[in-house]
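The structure appears right after this line, and notes come after that.
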Amino acid sequence: MVLGSTALHETTFVIVDLETTGASPKKGAAITEIGAVKVKSGQYLGNFESFVNPLTPIPEYITEMTGITDLMLAKAPVIDEILPAFLEFAGSADETIIVAHNAPFDLSFLKSAAKELDLDWPKYKTLDTVTIARQVLSKEDVPNCKLSTLAQFFGTKTEPNHRALDDAKATTEILHGLIERLGSFEVYTIDSLMEFAKTAAHIQRQNYWGLSST
């Protein structure tokens with residue numbers, strides 16, 4: 001199967017969201033929750049959801065933001081168990097596109113965990129809904145590209161709430177809304193989508209707009 005030439009409506013997307021103990025794995029932060037949604041042709045194929053015991057206390061401000069407490073994670077599985085299960089859910093890099101809102105954040109944690117566990121991270125094509133949104137929406141459409149702002153703009157059924165699965169569900173609805181708008185840019189296949197995203201990221205590095213992505 002040649003994923004690049006696959007039409008967008010025939011592509012399997014896995015939309016993932018994480019909750020963590022901090023901003024970066026390089027500073028010792030760890031994953032506390034993984035949520036993911038698998039879709040194809042606009043149809044939901046399944047969900048993945050699990051708490052993850054970070055083996056470290058959760059900062060108070062994180063608990064205030066997410067509602068996740070140390071007690072809730074005390075008996076949760078550790079990342080050693082959860083990451084292989086997530087990768088099995090996500091499927092082959094030949095068939096799946098990984099999507100996230102502010103994807104570099106989520107992927108940095110997932111790839112860091114894989115490295116620590118000596119697991120090979122599949123060579124997934126990845127898509128950042130922030131990058132796409134900044135290119136297909138204007139300042140007249142939305143004042144910024146926060147997940148909550150885009151969810152309101154697209155009228156998502158699931159409201160983002162800093163919990164992994166709900167945020168992944170909201171991102172999925174946003175992704176579908178963005179894909180509908182990509183037709184006007186003549187983006188219909190994975191190859192054209194990845195090229196569009198690459199060009200969009202380059203443009204945004206030179207001429208950034210939007211206050212926040214989270």
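The values are calculated or read from the model by the stated rules, or taken from the named source; none is laboratory data. Just so we're clear, the structure is a prediction, and the values are computed from it rather than from any experiment. Methodologically, a virtual Cβ is constructed for each residue, glycine included, from the backbone with ideal geometry; neighbour enumeration extends over all protein chains shown.
Which of the residues that make up segment 149-165 are within 18 Å of Ile62 (Cα to Cα) and either in a loop (DSSP other than H, G, I, E, B) or among the small types (Gly, Ala, Ser) (or both)?
So in segment 149-165, the residues within 18 Å of Ile62 (Cα to Cα) come out as 160-165.
Of everything in segment 149-165, those that are within 18 Å of Ile62 (Cα to Cα) and either in a loop (DSSP other than H, G, I, E, B) or among the small types (Gly, Ala, Ser) (or both) turn out to be Pro160, Asn161, His162, Arg163, Ala164.
Looking at segment 28-42, I want the residues that are in contact (Cβ under 8 Å) with a residue 24 or more places away in the chain and have a partner that is part of a strand (DSSP E or B) and acidic (Asp, Glu) with Cβ atoms under 7 Å, at least 6 apart or on another chain. Which pairs are those?
From segment 28-42, the pairs are Thr32/Glu19; Glu33/Glu19; Gly35/Asp17; Gly35/Glu49.
Would you pick out the residues in segment 126-148 that are basic (Lys, Arg) and either part of a helix (DSSP H, G or I) or buried (at least 19 other Cβ atoms within 10 Å of the Cβ) (or both)? Write out each step before concluding.
Kept after step one, since they are basic (Lys, Arg), are these residues of segment 126-148: 134, 139, 146.
Residues satisfying the conditions are Arg134, Lys146.
Conditions first: (1) assigned to a helix (DSSP H, G or I); (2) touching a helix residue (DSSP H, G or I) at 6+ places or on another chain (Cβ under 8 Å); (3) without any contact (Cβ under 8 Å) to a residue 60 or more places away in the chain; (4) not hydrophobic (A, V, I, L, M, F, W, C). Glu64 passes all but one, so which condition is the exception?
Among (1) assigned to a helix (DSSP H, G or I); (2) touching a helix residue (DSSP H, G or I) at 6+ places or on another chain (Cβ under 8 Å); (3) without any contact (Cβ under 8 Å) to a residue 60 or more places away in the chain; (4) not hydrophobic (A, V, I, L, M, F, W, C), Glu64 violates only (2).
With respect to Thr172, determine if the residue is among the β-branched types (Val, Ile, Thr), assigned to a loop (DSSP other than H, G, I, E, B) and either in contact with a Cys (Cβ under 7 Å, 6 or more places away or on another chain) or at pLDDT 95 or above (or both). Can you show your working first?
Values: among the β-branched types (Val, Ile, Thr): yes; assigned to a loop (DSSP other than H, G, I, E, B): no; either in contact with a Cys (Cβ under 7 Å, 6 or more places away or on another chain) or at pLDDT 95 or above (or both): yes.
Criteria not met by Thr172.
Taking the options Ile68, Ile82, Ile58, name whichever one is in contact with a strand residue (DSSP E or B) (Cβ under 9 Å, 6 or more places away or on another chain), under 22 Å from Ala114 (Cβ atoms) and buried (at least 19 other Cβ atoms within 10 Å of the Cβ).
Details: Ile68 fails: under 22 Å from Ala114 (Cβ atoms); Ile58 fails: under 22 Å from Ala114 (Cβ atoms).
So the residue among Ile68, Ile82, Ile58 that is in contact with a strand residue (DSSP E or B) (Cβ under 9 Å, 6 or more places away or on another chain), under 22 Å from Ala114 (Cβ atoms) and buried (at least 19 other Cβ atoms within 10 Å of the Cβ) is Ile82.
Filter segment 1-20 down to residues that are within 17 Å of the chain's Cα centre (by Cα) and not in a strand (DSSP E or B), then give me how many there are. Outline the logic, then answer.
Step one: filter segment 1-20 for residues within 17 Å of the chain's Cα centre (by Cα), giving 11-20.
Still in the running and not in a strand (DSSP E or B): 11.
Of the residues in segment 1-20, 1 are within 17 Å of the chain's Cα centre (by Cα) and not in a strand (DSSP E or B).
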